[in-house]
1. Look at segment 57-82 and say how many of its residues are open to solvent by 60 Å² or more (accessible area, probe 1.4 Å), out of contact with any strand residue (DSSP E or B) (no Cβ under 7 Å at 6 or more places or on another chain) and not β-branched (V, I, T).
2. Looking only at segment 168-194, how many residues end up being assigned to a helix (DSSP H, G or I) and either modelled with pLDDT of 85 or more or in contact with a strand residue (DSSP E or B) (Cβ under 9 Å, 6 or more places away or on another chain) (or both)?
3. State which residue is farthest from V154 (Cα to Cα) when the search covers only segment 55-82 and only residues that are out of contact with any helix residue (DSSP H, G or I) (no Cβ under 8 Å at 6 or more places or on another chain) and in contact (Cβ under 8 Å) with a residue 60 or more places away in the chain.
4. Filter segment 150-160 down to the residues that are open to solvent by less than 70 Å² (accessible area, probe 1.4 Å), out of contact with any Ser or Thr (no Cβ under 9 Å at 6 or more places or on another chain) and part of a loop (DSSP other than H, G, I, E, B) and list them by number.
Amino acid sequence: MAADADRPRLGPQPRALAGRADLEQKHRLVGQVLAAVGKAGLLQVLHRAVGLVALGLARGRRSKLTSVDKANVLETSRLWREVVVRVMKTEFPDVALDHMYIDAACMFVVTQPEQYDTVVTSNMFGDIFTDLGAALQGGLGMAGSANVHAEGRVAMFEPVHGSAPDIAGKDMANPLATVLTIGMMCSHLGFEGI
């Protein structure tokens, strides 16, 4: 398998990538993790998620990362922001970083989507942001999705809309999201140009 930079792409890179750290089931879990492993332990988990994945992806694209949070209201978002800044300064000083609150990020993805390249956020805000992005490109039926382990060892690929059981057998499903998802999976596995 050739190095990533040497491999041909299935097509043009997406104009923007949105990633979310799937670390919490609601924000109360962060408090439970803090109690169990302390701030240092939680910082280490967040460091891996942000450093290994988001900033690495941004570096391989246009070296621009937007971190989306709600640090003006949520303590967990202030911790998130602290980790993003720390990892960026120590390991990815070449990546440009900006922060946005989730409400502003949603407004700007509608009015100025070209400003985004790589976006990272928590799972809850990522769910909101990526659904809005899917709607902008034609709906959930038009978007592929991937859940990739921070070190790339395990991955799950599916259309954003899931299996769409509500329209099964009605001859109205659009297979585009499934096709795009298969393309993402092939790219991830190193099968380019298929």
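The values are calculated or read from the model by the stated rules, or taken from the named source; none is laboratory data. All figures in this text were calculated on a predicted structure; none of them were measured in a lab. Quick reminder, even Gly has a Cβ in these numbers, built from the backbone with ideal geometry, and neighbours come from all protein chains shown. Just so you know, the surface numbers come from the protein's heavy atoms only, side chains and all, with ligands and any DNA or RNA stripped out. Shrake-Rupley method; radii C 1.70, N 1.55, O 1.52, S 1.80 Å.
1. 5
2. Let us first name the residues in segment 168-194 that are assigned to a helix (DSSP H, G or I), namely 176-189.
Next, only the ones that are either modelled with pLDDT of 85 or more or in contact with a strand residue (DSSP E or B) (Cβ under 9 Å, 6 or more places away or on another chain) (or both) stay: 176-186, 188-189.
Matching residues across segment 168-194 total 13.
3. A58
4. A150, G152
Each row is one residue, and each column tells you yes or no for (1) open to solvent by 20 Å² or more (accessible area, probe 1.4 Å); (2) touching a residue at least 60 places away in the same chain (Cβ under 8 Å); (3) within 17 Å of R59 (Cα to Cα).
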position	(1), (2), (3)
V84	no, no, yes
D94	yes, no, yes
M107	yes, no, no
Q112	yes, no, no
T118	no, yes, yes
S122	no, yes, no
F129	no, yes, no
A143	no, no, no
N147	yes, yes, no
